[in-house]
Amino acid sequence: MEKLIITRPDDWHLHLRNGGMLKTVLPHTARQFARAIVMPNLRPPITTVEQALSYRNEILAALPPGSAFEPLMTLYLTGSTSLAEVKAASESEHIHAFKLYPAGATTNSDAGVADPKQIYPILEALQKYDLPFLVHGEVVDPEIDIFDRERVFLETHLADIVKQFPALRIVVEHLTTQDAVEFVTEAGPQVAATITPQHLLYNRNALLVGGIKPHYYCLPILKREQHRQALVNAAISGNPKFFLGTDSAPHLQHLKEHACGCAGCYSAPLALELYAEAFEANSALDKLEGFASFYGADFYGLPRNSESVTLTKTTWTVPTDFDTGEGLLVPLRSGEQLTWKLI
Ligand code: NCD
Ligand code: ZN
């Protein structure tokens, strides 16, 4: 296939940050996607409707002129999130979900929740108001190996949440394991998941073989090949529980290439191209549109987009970096060639 025309996709998991970083990364996403679920892990985190609406205005003000991109806002759950805040969120047309970060699990998660049981009254309210509950599914217990943290979270926390709140809509974010694919597949239709391009294309060798490659370091961490294959099978299955969420997570170059490098892959400028590469490698380009453009909107109860985008078989070179005004930002596949191009 030389050309692929699909309905304009949405990104159901995105980090935009603030300031110069926001101004640099937003046009990359707005060029590819019609809407995105904007993650709330800023410093300080977005915990109230008021903060989310003000962040939304900051995003709208940073959009390139004429862009129709729509940021879909989320709130960060803490141990002190109130029932009143959940109600207020349910009444705002701009707030689409709440996000759980286990405290200490990832970038800017220190204000997160120490024990998910702590927030069961809030989950009850999310269920009542039918607001999606987005989960970073990893335990932080130092005894648990980093490669097992997702599986253990599902077993020790998420299984009980699914049981206690059978009507709660849950998105298990950025799946990385076969165990997680099975968990989501076996749960009811209220449980869905996002899958990133890096977890479809790479296993942990990309991060660790031939020298440590910090731009492939994200959380949850890349896993073994067996898990990558399970994710690919889920993404190309046509099962509407699995949809696109890039988890594009920009960090300045000097903080990635560091003795204690930040977690997050920056994929926004080449996101659709990466997904096309992954689907093509598995002879499943015909399944890309459902995954990228339909299932997420359906799950969130939003209309599907009506315009389309075109990808062509054209070789191009990914820019080596972007100047944010605060430092350089290095994308995934920096300086490498890609074979699909969004035009
Ligand atoms: C994300 C970030 O940098 O905000 N990092 C990452 O590795 N994915 C946070 C997250 O989604 O875990
Ligand atoms: Zn993320």
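Under a cut-off of 17 Å between alpha-carbon atoms, report the aspartates and glutamates in cross-link reach of LYS128, not counting same-chain residues fewer than 8 places apart.
The qualifying aspartates and glutamates are GLU85, GLU91, GLU93.
Using Cβ contacts closer than 10 Å as the measure, can you line up ILE5, ILE161 from fewest to most?
Listed from fewest to most nearby Cβ atoms, that is ILE5, ILE161.
In terms of the Cα gyration tensor, with a ≥ b ≥ c the square roots of its eigenvalues, is the range 271-338 rounded because a/c is under 1.5, prolate because a/b exceeds b/c, or oblate? Numbers along the way, then the final one.
Details: a/c = 2.63, a/b = 1.49, b/c = 1.76.
Oblate shape, in that a/c is at least 1.5 and b/c is the bigger or equal ratio.
If you wrap a convex hull around the Cα atoms of the range 40-135, how much volume per residue is inside, in Å³? Walk me through the intermediate numbers first.
On the way: hull volume 9.1 nm³, N = 96.
Per residue, the Cα convex hull of the range 40-135 comes to 95 Å³.
Compute the distance in nm between two label points, each set 7 Å from the Cα along the Cα-to-Cβ direction, one at ARG31 and one at ARG224.
It is 3.9 nm.
How far is the Cα center of the range 47-116 from the Cα center of the range 138-205, in Å?
If we compute the Cα centre of each part, the gap is 21 Å.
Where in the range 79-103 is the amide nitrogen less than 19 Å from a point lying 7 Å along the Cα-to-Cβ axis of LEU53?
82-98
If every alpha-carbon in the range 1-53 counts as one equal scatterer, what log10 I(q)/I(0) does Debye give at q = 0.19, 0.29 1/Å?
Ignoring solvent entirely, the Cα scatterers give -0.74, -1.20.
How would you classify the chain from its alpha-carbon gyration tensor, with a ≥ b ≥ c the square roots of the eigenvalues: rounded for a/c under 1.5, else prolate if a/b is greater than b/c, otherwise oblate? The partial results should precede the final answer.
On the way: a/c = 1.29, a/b = 1.23, b/c = 1.05.
Because its axes are fairly even, with a/c under 1.5, the chain counts as rounded.
Give me the three principal axis extents of the range 178-226 from the C-alpha atoms, as integers in angstrom, largest value leading.
For the range 178-226, the Cα spread along each principal axis is 42, 18, 14 Å.
At a 10 angstrom cut-off on C-beta neighbours, averaged per residue, how do the peptides 260-268, 232-240, 175-183, 88-96 rank from highest to lowest?
Working: 260-268: 21.0, 232-240: 18.8, 175-183: 23.0, 88-96: 16.0.
The peptides rank, most packed first, as 175-183, 260-268, 232-240, 88-96.
Would you mind ranking THR81, THR106 by Cβ crowding within 10 Å, fewest neighbours first? All intermediate terms of the calculation are to be shown ahead of the outcome.
Working: THR81 23, THR106 20.
Ranked by crowding around the Cβ, least crowded first: THR106, THR81.
Among ALA249, ALA84, ALA34, determine the one that fluctuates most according to a GNM of the chain built with springs between C-alpha atoms less than 10 Å apart.
Comparing ALA249, ALA84, ALA34 in the GNM, the peak value goes to ALA84.
Which value, in Å³ per residue, describes the convex hull spanned by the Cα atoms of the range 1-91?
Values: hull volume 11.4 nm³, N = 91.
Normalising the Cα hull of the range 1-91 by residue number yields 125 Å³.
Excluding ILE161 itself, what net charge comes from residues whose Cβ is under 13 Å from its Cβ, given Lys and Arg +1 and Asp and Glu -1? Before the final figure, lay out the partial values.
Numbers: positive: LYS117, LYS163, ARG169; negative: ASP115, GLU124, GLU155, ASP160.
Once positives and negatives cancel, what remains is -1.
What's the ranking of 110-121, 144-155 by average number of surrounding C-beta atoms within 10 Å, highest first? Please report the intermediate quantities before stating the final value.
Working: 110-121: 15.7, 144-155: 18.4.
Peptide ranking by packing, descending: 144-155, 110-121.
Please tell me which of these pairs span more than 30 angstrom C-alpha to C-alpha: LYS99/LYS163; LYS256/LYS341; LYS3/LYS213; LYS23/LYS287; LYS87/LYS163?
On the way: LYS99/LYS163 19 Å; LYS256/LYS341 26 Å; LYS3/LYS213 32 Å; LYS23/LYS287 32 Å; LYS87/LYS163 23 Å.
Beyond 30 Å: LYS3/LYS213; LYS23/LYS287.
Arranged by the count of other C-beta atoms within 10 angstrom, fewest first, what order do VAL25, VAL191, VAL209 take? All intermediate terms of the calculation are to be shown ahead of the outcome.
Working: VAL25 25, VAL191 22, VAL209 10.
Lowest count first: VAL209, VAL191, VAL25.
In whole Å, how far is the Cα centre of the range 320-336 from that of the range 208-274?
That distance is 16 Å.
For the chain, what does -39500 (n - 2.57) per DSSP helix run (n ≥ 4), summed and divided by total residues, give at 222 nm, in deg cm²/dmol to the nearest 500? Could the numbers behind the result be given before it?
Values: 13 runs with 108 residues, N = 343.
That calculation yields -8500 deg cm²/dmol at 222 nm.
Bear in mind these aren't lab numbers, they're just calculated from the coordinates by the rules spelled out. Every value quoted in this text rests on a predicted model; they were computed, and no experiment measured them. FYI the Cβ positions are ideal-geometry reconstructions off the backbone, even for glycines, and counts take in every protein chain you see.
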